Structure formats: C-alpha cells, structure tokens
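Read the structure below first, then the notes.
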C-alpha cells in the first residue's frame, strides 16, 4: 500500500471510532489530545494587504460555538476595555480531524487607524478568550524589526518550540513573524491536528498578538490519490482555516500566494509547491511581476518555501529559478527568505563566496541575497556546492533570524537556538539605489558542519544526505 493510501486508511479508522477520535494506529502527541474545547484556542493574527489599516484573526472552537464572534476596540491604559469594544462577525468553517469536530472562525478587521493599538477577544461556547493586543503599522516608512523562521515541521513542541521562543525573546517588540513554510509535517509523523496543536502551543499568545506571515510549504499539502490512480496534492484544510491571509494572490494559488505591505516593506509570498506540482507556475510568475512592478515600498522581500539555490539537495530548484530569478533581479528584490532544505545558507553571488569577497573588496553592488534556514529538529547534510557557493552555511543546527529594517539598511542577524550569534550581515543602499553587502566585525561562531559522523556539538551528526 502506498503511503498516501496508508494514511487515508489510518485516518478513516480514526474518524470511524464512536467513542474517541484518537486511534492507536495514528501517532499522537505526548500529553493531552488537542481536541477543541469550550473556550477558543489556536488564535492567530495575520496582516491584511495594508498592515496599517487591515488585520485578520482566526481561531478555533468546539462546534457548539457555531458562529464567528469577536469583540474589538481601542487599547486603553486602564482595565475597562470592554466599555469601548464593539462586536464583529466573520466566517466559520467546520473541520473534522483526528481530534474530533471543530469550528474554525475568521474575522477581518478593516479601516483601522495606522500606528494605533487595539485589543480584541474571541468567543467560545463557554465564554470569551483573554484580551489580545496588537499595533497597526504606520502608514509610511518607519524602522521596525521582524523575525524569520525556517521549517519547524517535526518535533514541533518538544524541540522546535525552543527556537521559536528564543526568537520571540530576542526582540523586544517584533513587528512580524515570517515563516518560510513546512510549519508542520502533515505526513505520518503525527496526527495532523496534533501537529497544528503543537505549532500553536509553541508560539502561544505571541501568534495572537504579533502578525504572522506564513508561506505554504510542501508539507502544508496532503498527498492524495486521484480516480485514475495517480498521485496529487491537496492543500491542508488546517492551513486554509488557520490563516486568514490577504485575498490578493495569483489565480490558482489564491489561498497560498499573497503580498502585504508593512511600514515601507512589501512582503511577497509565493507557493512553490503549487507552482511545481499543480500547474500554477505561469500564473504565479505573472502575478509576482505585477506585485514587484507596482510596489512603492522602500524594500521588497520575497518569501517562498523551495529555495532557488539549495544547500542540501543535489540540484537547485531549476523551474523556479528559471521563472522567478530574472524577476527578482529585474525588480531589485532585496532578500529572499526560504526553507525546505533543513540547513543554513546565505548566498549573494551564484559564482560563489570568493565572488562575494571580491565584490566587497571592490565595492561592487549586489542583487538579492538568498537565505535558507531551519527552525526544527530535522536536518539535512550540506551538498557539495554548499562548501564554496554560499557566503556562509551550517548543518545540524537550529536557527532563527532577526531582521532590522532601516531607511537605507537591512541588518540581518542569525542566531543558533542557544542564542549565540552565527551570522551577521547588512544590505546597505546608497543614494543612487545601489546595494552593497557589509559584514560587521562581530564575534561569530565558527561554521557549524559535521566532520564525518560527528556533529558540530561533538555528538553524532543528525544531518542526513538528501
């Protein structure tokens, strides 16, 4: 039996049980099951197309709470926030999972005032959640710092949560959290609903108060078998329910591609899985060009799961490189944030790190800087090119990134999960718009690579060849 058919069989068995939706055949998370309760959970805040005036909230309840209800108002210095709150409605969808039935709700907040603090709470069948507070973006450029996380995917609560929480502790007030896909595994690792429960628990209240920008990875898709016996993919209903994303994406990938403008930065999010496997490459390419061409932002950052330049896989993602790299160059994209490869890579010049060094010495402008990173426990070994092509790499290493946005500089700092600086670089822009790579003289760790079977921490290397 194929893996997709095997999983479908196991899931059917789990859902058929009248006494419990859990099944011995389906791997479960450690601890209590993640069944929906009578108070709302899995509360996630996402930005709209214009983060100065638009936000959205998604949350989960039991099926007794049949409609989406949110109370919303201005943040106050005192405790009487309810007095100035109004009630808003939204949309609801039912999701039957390994942990039983639930309702997912989404409420979109429109016509907000820029640079303003708001509070909200959401309703479950037994009452209200706690009040959550967020701050809209300023209407025009202003400095801010955001976090970038690679794949969490496996051992989300037990292992990846440490990296996520260290990232959240590293910046006093992160404006956004950007996820480069594969938030969960959606395979045979765990029951799918448990994985999403772990992902939400790993970020906790921060996901409800800090806008989340989440790309879809290949593991946000579920393998399926078509009537003719061929295999295909369907977008996970959890992803669709969990994120109320801006509705401005490419035809055919409208639920997984989008852009959001935040304080002078346009974040453009692509869906490489849909492009490669579901026939949306041409539509996304056209949409990407329009999103970059029409951008009035000071900085343009592209987020995608499959990397243009790989650090683990033997070959680059050639279809995406051929279609999208010319646009990234033409429209002078500044950063490309990626995942998928479960290693770290910072690449400036396709010709390699020696070309980067020469460009720095001769003060030559650069194009986009390509980053790959990993948050969770699953590790891949570096490919042969990774030793010479990227400016810096790592394997068998969990990482998080902080990115400070200024008018003429992006400052990227990369930290290992134990909160030690691993990489540091700035993209500096001059008055003519040319960009240059600058590496500040900061104490960094030596490059973390496996030596034979020994990992960089002196333990057995967990990075597997891809």
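Since every read-out is calculated from the coordinates, none of them should be taken as a lab result. Not measured: the values here are computed from a predicted model. Quick reminder, even Gly has a Cβ in these numbers, built from the backbone with ideal geometry, and neighbours come from all protein chains shown.
Using Cα-only point scatterers and the Debye equation, what is log10 of I(q)/I(0) for segment 144-438 at each q in 0.15 Å⁻¹, rounded to two decimals?
Computed log10 I(q)/I(0) values: -1.19.
Please compute the length gained on full extension between residue 439 and residue 49, using 0.36 nm multiplied by the number of residues separating them and subtracting their Cα-Cα distance. Each step should come with its number before you reach the end.
On the way: separation 390, 0.36 × 390 = 140.40 nm, distance 3.28 nm.
Stretched fully, the residue 439-residue 49 segment lengthens by 137.1 nm.
In whole angstrom, note down how far apart the Cα centers of segment 34-68 and segment 134-210 are.
16 Å
Viscosity 1.567 mPa s, temperature 4 °C: give me the Stokes-Einstein translational D for segment 101-233 in µm²/s, with Rh taken as the Kirkwood radius over C-alpha pairs.
Values: Rh = 17.1 Å.
It diffuses with D of about 76 µm²/s by this estimate.
Taking 0.36 nm per residue of separation and subtracting the Cα-Cα distance, what length does fully extending residue 173 through residue 363 add? Don't skip to the answer; put the middle values down first.
Values: separation 190, 0.36 × 190 = 68.40 nm, distance 3.39 nm.
Additional length available on full extension: 65.0 nm.
What is the distance in Å between the Cα centroid of segment 319-343 and that of segment 362-432?
14 Å
So for segment 53-93, what are the equivalent ellipsoid semi-axes in whole Å, largest first, each being the square root of 5 times an eigenvalue of the Cα gyration tensor? Write out the running numbers ahead of the final one.
Working: eigenvalues 109, 32, 14 Å².
Ellipsoid half-lengths, sorted descending, are 23, 13, 8 Å.
If you take every DSSP beta bridge fully contained in segment 144-438, what fraction is antiparallel? Give it as a percent rounded to 5.
Values: 40 of 59 bridges.
Roughly 70 percent of the DSSP beta bridges within segment 144-438 come out antiparallel.
Tell me, what are the semi-axes, in whole angstrom and largest first, of the equivalent ellipsoid of segment 181-281 as set by the roots of 5 times the Cα gyration tensor eigenvalues?
On the way: eigenvalues 115, 80, 16 Å².
Those come to 24, 20, 9 Å.
Quick check of the Kirkwood formula: for segment 349-404, what is the inverse mean of 1/r over all pairs of different Cα atoms, in Å? The partial results should precede the final answer.
On the way: mean 1/r = 0.0770 Å⁻¹.
Kirkwood hydrodynamic radius for segment 349-404: 13.0 Å.
Using per-residue counts of other Cβ atoms within 10 Å, averaged over each peptide, order 45-53, 310-318 from highest down. Can you show the working numbers first?
Values: 45-53: 21.7, 310-318: 18.7.
Highest to lowest by the protection proxy: 45-53, 310-318.
Note down the nm distance, to one decimal, between modelled labels 7 Å out along Cα→Cβ at residue 354 and at residue 384.
1.6 nm
Kindly give Rg over Rh for segment 266-337, based on alpha-carbon atoms, with the Kirkwood expression for the hydrodynamic radius.
0.95
Give me Rg/Rg_expected for segment 19-114, where Rg uses Cα atoms only and Rg_expected = 2.2 N^0.38 Å with N residues. Could you put the intermediate results ahead of the total?
Values: Rg = 16.7 Å, N = 96, 2.2 N^0.38 = 12.5 Å.
Against the compact-globule rule of thumb, the ratio is 1.34.
Starting from 0 in steps of 10 Å, tell me what percent of the Cα-Cα pairs of segment 47-163 lands in each bin.
12, 32, 34, 21, 1
If each DSSP helix of 4+ residues adds -39,500 (n - 2.57) and the sum is divided by the residues in the chain, what number results at 222 nm, nearest 500 deg cm²/dmol?
Values: 9 runs with 87 residues, N = 466.
Only helices count here, giving -5500 deg cm²/dmol.
Counting DSSP beta bridges in segment 60-198, what percent are antiparallel, to the nearest 5? Walk me through the numbers on the way to the answer.
Working: 24 of 27 bridges.
Taking every DSSP beta bridge within segment 60-198, about 90 percent pair in antiparallel fashion.
Using the C-alpha gyration tensor of segment 356-466, what are the square roots of 5 times its eigenvalues, in whole angstrom, with the largest one first?
Listed largest to smallest, the semi-axes of segment 356-466 are 29, 15, 12 Å.
In percent, what relative contact order does the chain have, based on Cα pairs under 8 Å that are 6 or more apart in sequence? Don't skip to the answer; put the middle values down first.
Details: 1178 pairs, mean separation 63.3, N = 466.
Here the relative contact order equals 14 percent.
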